[in-house]
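Just so it is clear, none of the values below were taken in a lab; they were calculated from the coordinates. Just so it is clear, the structure is predicted and the values come from calculations on it, not from any experiment. Using ideal geometry, Cβ is built from the backbone for each residue, glycine included, and neighbour counts are taken over all protein chains shown.
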Amino acid sequence: MKILLDPGHGSNTHGKRSPDGRFLEYRFNRDIALDVQKQLTLSGYDATILVPEDYDVSIRARTERVNTWCSWARRMSA
């Protein structure tokens with residue numbers, strides 16, 4: 001089983017921050033996703049960050065990445 005983690009917004013998504021501007025959503029979500037990946041890996045699971053880039057990646061590109069991975073996995077298991 002492969003676990004794909006999507007941290008959400010990238011650094012170029014404006015306005016996603018705490019009211020005082022100190023906490024940025026993309027950084028907070030990315031840190032959590034990386035920690036979840038680490039914990040899953042330590043527990044023996046195959047976990048990957050779907051969007052390793054720091055900038056925003058479109059929903060279309062994210063969907064294509066998942067579909068490409070699923071297509072590859074199906075071919076490998078056939």
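Think of it as helices only: each DSSP H run of n ≥ 4 in the chain is worth -39500 (n - 2.57), and spread over all residues that comes to -16000 deg cm²/dmol at 222 nm. Here the alpha carbons of the chain define both size measures, Rg and Dmax, at 14.6, 53 Å.
Amide H to amide H, with H built 1.01 Å from N, Gly10 comes under 5 Å of Asp56, Val57, counting only residues 5 or more places away or on other chains.
Here the dipole of the chain is about 220 debye; that uses its Cα centre as origin and unit charges on the Cβ of Lys and Arg (positive) and Asp and Glu (negative). Counted by Cβ distance under 11 Å from Ala73, the other residues give a net charge of +2, where Lys and Arg count +1 and Asp and Glu count -1.
Using C-alpha pairs below 8 Å separated by at least 6 residues, the relative contact order for the chain is 39 percent. Taking amide H as placed 1.01 Å from N in the peptide plane, the amide H of Arg17 sits under 5 Å from that of Glu25, each at least 5 places away or on another chain. If you take all other residues with their beta carbon under 14 Å from the beta carbon of Val57, and give Lys and Arg +1 and Asp and Glu -1, the sum is -1. The local environment of Leu24, defined by Cβ-Cβ distances under 9 Å, has a net charge of +3 under the rule Lys, Arg +1 and Asp, Glu -1.
Ranking Ser71, His14, Gln39 by how far each Cα lies toward the positive end of the dipole of the chain (charges on Cβ) leaves Ser71 at the top. Under Stokes-Einstein, with the Kirkwood radius over Cα pairs as Rh, the value for the range 7-50 at 10 °C and 1.306 mPa s is 139 µm²/s.
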